[in-house]
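Asks: Before I ask anything, here is the structure I am working with.
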Amino acid sequence: MQRHVRAELDLELGSSVDLILQIAVARSAGVVSERLSLVQDGREVLPRELVDAAGNRLHRLTGEAGLLQVRYEAVVGPGTEPATTEIDTIAALRPSRYAQSDEVFATARRLFRGLNGRALVEAVSEFVATSVTYTPGMSLGTDSAVTTLASGQGVCRDYAHLVIALLRAMDVPARYVACYAPQLDPMDFHAVAEVLVEGEWSVIDATRLAPRSSLVRIATGRDAADCAFLSYHGGYVGLDRLEVDATVQDAPGPADDHAALVPMA
C-alpha cells in the first residue's frame, strides 16, 4: 500500500527563534520519495535533521522575523516497526506528563479487574470510544488523561492519552504515536496509542475516525510532549495556516475491525 502525505504550515515569526519541526515521517515509515521545503523572504532555509533513538526525525533551524513557509510531502510504502529496547518498554509502563497512569490507577483497576491480554485491550478501547465525545476546539494543549476522564470530551491526542494511561495502570506497555491518517475527517495531524500485546505493538484508535491499516508514523513517544509537530524557544511564533492531507494511492483496504490487533504498516 502506497500513501501520499502532505503538510503545509505558514508561520509568522516575531523575532529570531529556535524552531523544531516534527512533520517528516519516521525513519521506519518506508519512504519512497519526499521533499521538505522551508522558505523565508524568497530564500530557502536549510534545517538540521536530528534523529532520535525511536527513529523520529526532527528538523531544527533558527528562523528570523517574518513569514516562514513550510512545505512537506512524501510518498510512503510499507513500513517497519521502530526498534524497541527493554528500556523503551519500561518507559511505556511509567506515568508521563499527559498519561498519568498513577492518577487513574484506581479507576482502571475498578473498570478492568480480571481482564488481560487482548480482552483488556479491547475493553479499554471500547470504554474510551464510548465515554469520550470527540469535540474539536474544546480541549487545551495542557489537557491530560485525567482531564479527559473527568470532562468526557477531547480530540485525538486526548483519546490516545486516556487509552495509554489506563493500559499502563493495568501494567501493559503503551505509547503515543503521531501520524498521518488517510480518510481522517476532519483532516489534520492524528494521534493514536500503541500497545504491546501478544509480543507485538498494535494500534488503538479510540476515536475510530480513520482506518488503522493506512496510518503513517511521524513520531513515537511517551505522550504528546515527545511528538509535537512544532515547538519553539526564545521568541514568538504564530501559526497562520495549517493544512494536512493524506491519501491512499492504491485501492482502500477493508473497513477497520476494532476488535482486531492491527500493527502500523
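Asks: Please specify each residue of the stretch 91-126 satisfying the condition of being more than 27 Å from ASP257 (Cβ to Cβ), aliphatic (A, V, I, L, M) and free of Cβ contacts under 8 Å to residues at least 60 places away in the same chain.
Replies: ALA106
Asks: Oh, and also: Could you list, in sequence order, the residues of the stretch 53-74 that are assigned to a loop (DSSP other than H, G, I, E, B) and on the phi < 0 side of the Ramachandran plot?
Replies: Listed by number, the residues that qualify are ALA53, ALA54, ASN56, GLU64, ALA65.
Asks: Go through (1) assigned to a strand (DSSP E or B); (2) more than 23 Å from TYR176 (Cβ to Cβ); (3) under 24 Å from the mean Cα position of the chain (by Cα); (4) among the aliphatic types (A, V, I, L, M) for LEU50 and report which single condition fails.
Replies: Just one mismatch for LEU50, condition (2).
Asks: Can you tell me how many residues in the stretch 122-176 are closer than 19 Å to ILE90 by Cβ and part of a loop (DSSP other than H, G, I, E, B)?
Replies: So the answer is 4.
Asks: In the stretch 54-79, how many residues are within 25 Å of MET264 (Cβ to Cβ) and surrounded by 12 or more Cβ atoms within 10 Å (Cβ to Cβ)?
Replies: Total satisfying the criteria: 15.
Asks: Tell me, please, whether a residue that is surrounded by fewer than 14 Cβ atoms within 10 Å (Cβ to Cβ) and either out of contact with any Leu (no Cβ under 9 Å at 6 or more places or on another chain) or part of a strand (DSSP E or B) (or both) can be found in the stretch 21-28.
Replies: No, every residue in the stretch 21-28 fails to be surrounded by fewer than 14 Cβ atoms within 10 Å (Cβ to Cβ) and either out of contact with any Leu (no Cβ under 9 Å at 6 or more places or on another chain) or part of a strand (DSSP E or B) (or both).
Asks: Still on this structure, I have one more. Take the residues in the stretch 189-220 that are touching a residue at least 40 places away in the same chain (Cβ under 8 Å) and on the phi > 0 side of the Ramachandran plot; name whichever of them is surrounded by the fewest Cβ atoms within 10 Å (Cβ to Cβ).
Replies: Applying the filter and picking the extreme gives GLU198.
Asks: Hey, another quick one. Quick check: is even one residue across the stretch 36-52 crowded, with 19+ Cβ neighbours inside 10 Å, in the same structural domain as GLY235 (by TED's automatic domain parsing) and not hydrophobic (A, V, I, L, M, F, W, C)?
Replies: no
Asks: If I ask for residues that are part of a loop (DSSP other than H, G, I, E, B) and in contact with a strand residue (DSSP E or B) (Cβ under 6 Å, 6 or more places away or on another chain), which ones from the stretch 213-248 would you list?
Replies: LEU215, ASP223, CYS227, GLY234, GLY235
Asks: Further question on the same structure: Right, TYR232: in contact (Cβ under 8 Å) with a residue 40 or more places away in the chain and closer than 30 Å to MET1 by Cα or not?
Replies: no
The values are calculated or read from the model by the stated rules, or taken from the named source; none is laboratory data. Since the model is a prediction, treat every value here as computed from it, not as a measurement. With ideal geometry, Cβ positions are generated from the backbone for all residues, glycine too; neighbour counts draw on all protein chains shown.
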